[in-house]
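To keep things clear, I will list the structure first and then write my remarks on it.
What follows draws every value from the coordinates through simple rules; no lab data is involved. Computed from a prediction, not measured in an experiment: that's the story for all the values here. No Cβ is skipped: glycine too gets one built from the backbone with ideal geometry, and neighbour counts run over all protein chains shown.
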Amino acid sequence: MLKTNYLIDDIPLSEYPRPQMVRESYLCLNGKWDFTVKKAGEEVTAYDKQIIVPFSPECINSGLEPTINVTPFDRLYYKKTIVLDNSWNSGVTYLHFGAVDYSCEVFVNGKRVGSHEGGYTSFFFDIAPFLVEGENNIVVAVADPTEGSCGGRGKQKTDRGAYWYTAQSGIWQTVWLENLPFNHILDIKYTPDIDSGTMLVQVDCKGIKKYQVYDRENLILSGEEEGDILLKYDFEHWSPDNPKLYDIQIECGDDKVKSYFAMRSCEIIADNNGKRYLAFNKKPYFFSGLLDQGYWSDGLLTYPSDQAIIDELTMVKKMGFNTLRKHIKIEPMRWYYHCDRLGIIVWQDFVNGGGEYKKHHVTTFPFLGFKHPDDDYKYFSREDERGRKRFTVEWQETVNQLKNCPCIYMWTVFNEGWGQFDSKKIERAVKLFDPTRVVESVSGWHDYGDECDIKSLHIYYTALKLPIDSRPITLSEFGGYSLRITGHVYDENKDFSYKKFKTKSAFINAVKKLYGEKILPLIAKGLNGCIYTQLSDVEEEINGLITYDRKIIKMPEDEMKILNENLYNEYKKLDIKI
């Protein structure tokens, strides 16, 4: 593996992990934990290692030398001793986990406090009844069967290679404590309505809610309500050109939360001829973005520092992109916060699961024009009923966890047939669950016509052309051009990409030609958005605009920005009448 330029602190990633639910009571538990690996059923008699949380044992930032390859038969055990005064065992004390891959049980002072299944969503337990004054021991026992799990695993695979990546396990997002009164704010939901200029704020807490809304440091609204809060104001609309956020402080009883929201809308609209377009803030909008898999050379799914993602997202903005497609991964909440404040739209994939599909059928037939109903679970390797139910649980957890992020424009349910089933039915269910966003049922390949809202194309090897379709058409994957940078690749002898270039100048010229001669003409033919593969190299897949270790930018920022500006200007020329 390769190291990035970012140093790991004694308490890494210690910034407040939920920027939309900030409280004064916060104790970060990242850093060194005692650690051991045992076979299933084997007794734990000692912890023979130390690991740096929240980095998985398979990555070098974990501090383990050598790193550990976890098998489906292994169990990971983490132990942390913390010293607390007696204020922590009064009221409610939540022990939070950003994400643990894949399933875990949690014990405090030898007593089981709860369990969780699902490797990408957050969870917490009230541990106040189990705490004592002084030393307290927290133990987390983790199992990660990867392909053997019934839930989402993303692009992790035990037999990694090409576009499948190193499987990681265990705690991979921040762990922290917060102490609250018994009656406290459990959740907040923001629902913007730009037509009426109102923001509905629903606070899950009993009693009177006091609120103060700020435009930067200026107090613009305040009041108190026993039920829902309806904010009426001349709110500026959030967009990549104007990432306007409003701060809000909410009090309920003795609990106080600092949060933020933004006013924007996501929809599909039709012109006078019935042609449909992706729209943002009630106007047709062109999305130009990058496929972002969120893998890091020294941390796998865990970025090394808050500054690392700030730098990466700032580079994306400098290149002129307005969108990232977050590919089959859920990031920590701070990643979405930085997209919110910097102004980057996110197309969010749900994390896939299911069995390994039958390549000669599922991957080939769509290119020949054949469609197969995805309620044929055997065909799509979705026979496991529990796995299908887990997918529903996990996509609902995903939407609920990310519901307040202004940056998220669209939910993508399935990617390229991976784990696909009942896509039309699930698309309708997601729309009902979250009517404030656009839903893409399938990204690439298995499309079911007008019953789905978007025609989404993945084109790498064939000519870039668009079908005739009344729906919004997106090129949700294309490009995949590679440039090997010696000393900055995962494997000097292996690589995977869609088109290879030997020199930086040849690579740059090819990207310019791709955007100027292939993508630009498609806008007049109905292209609503394009997602280039990809932001960074990932292991031996070296088709990123930057290297896996984030040290070399292959495509100059200023030249990429010009290419994107040409796309936006071409789209404006359409002068779409709604």
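Of K283/K513; K210/K431; K189/K210; K500/K554; K3/K500, which ones are farther than 20 Å apart at the Cα? Table pairs above 20 Å Cα-Cα are K283/K513; K210/K431; K3/K500.
Electrostatic bookkeeping for E540 treats Lys and Arg as +1 and Asp and Glu as -1; over the other residues with beta carbon under 12 Å from its beta carbon, the sum is -3.
Taking 7 Å steps out from each Cα toward its Cβ at E24 and Y568 produces label points 4.2 nm apart. Size descriptors for the range 506-578: radius of gyration and Dmax over Cα atoms are 14.2, 46 Å. If the chain linking F433 and K502 were pulled fully straight, counting 0.36 nm for each residue of separation and taking away their Cα-Cα distance, it would gain 20.1 nm. Given R₀ = 41 Å, what would the calculated FRET efficiency be for L221 paired with E492, taking r from the Cβ atoms and rounding to 0.05? So, using R0 = 41 Å, E works out to roughly 0.10.
The range 198-273 and the range 74-120 have Cα centres separated by 32 Å.
Computed from the alpha carbon positions, the gyration tensor of the range 27-180 leads to an equivalent ellipsoid with semi-axes of 27, 16, 14 Å, biggest first. Applying 1/(1 + (r/R0)^6) with R0 = 60 Å to the Cβ-Cβ distance of E517 and K206 gives a FRET efficiency near 0.45.
Here's the list of lysines a cross-link from K525 could span, going by alpha-carbon distance under 18 Å and ignoring same-chain residues fewer than 8 apart: K275, K455, K465, K572, K573, K577. Over the range 303-437, the fraction of Cα-Cα pairs per 5 Å bin, rounded to whole percents and listed from the shortest bin up, is 2, 9, 18, 18, 16, 13, 11, 9, 3, 0. Using only side-chain charges placed at the Cβ, +1 for Lys and Arg and -1 for Asp and Glu, the dipole size of the range 27-180 relative to its Cα centre rounds to 280 debye. A dipole drawn for the range 85-216 from +1 and -1 charges on Cβ atoms has a positive end, and of Q173, C104, G114 the residue lying farthest that way is Q173.
When all alpha carbon pairs of the range 429-578 are counted in 10 Å bins from zero, the resulting P(r) reads 10, 34, 31, 19, 5, 0 %. Once the Cα-Cα distance is subtracted from the 0.36 nm per residue extended length, the N273 to K111 segment shows a gain of 51.8 nm. Of all lysines in the structure, those lying under 19 Å Cα to Cα from K155, and not within fewer than 8 positions of it along the same chain, are K326, K329, K358, K359, K494. Between K282 and E135, the simple label model (points 7 Å from Cα in the Cβ direction) yields a spacing of 6.4 nm. Note: relative contact order over the chain, using C-alpha pairs below 8 Å and six or more positions apart, is 13 percent.
Which FRET efficiency, nearest 0.05, do N400 and Y460 yield, Cβ-Cβ r, R0 45 Å? The computed FRET efficiency comes out at 0.85. Where [x] 37, 31, 23; [y] 125, 38, 20; [z] 37, 26, 25 are the candidate values, the label of the one calculated here for semi-axes √(5λ) of the Cα gyration tensor in Å is [x].
Taking the Cα of Q307, stepping 7 Å toward and past its beta carbon, and measuring to each backbone N in the range 1-45: which are under 19 Å? The answer is 3-17, 31. Isolated cysteines of the chain, defined as having no other cysteine beta carbon under 4.7 Å away, are C28, C59, C104, C150, C266, C405, C452, C530. Per the Debye calculation on the range 6-86 with a single equal scatterer at every Cα and no solvent contribution, log₁₀ I(q)/I(0) for q = 0.13, 0.15, 0.21, 0.26 Å⁻¹ amounts to -0.52, -0.66, -1.03, -1.27. The calculated 222 nm mean residue ellipticity attributable to helices in the chain amounts to -4500 deg cm²/dmol, summing -39500 (n - 2.57) over DSSP H runs of n ≥ 4 and dividing by all residues.
Given their separation in residues at 0.36 nm each and the Cα-Cα distance between them, T158 and A46 gain 37.6 nm when the chain is fully extended.
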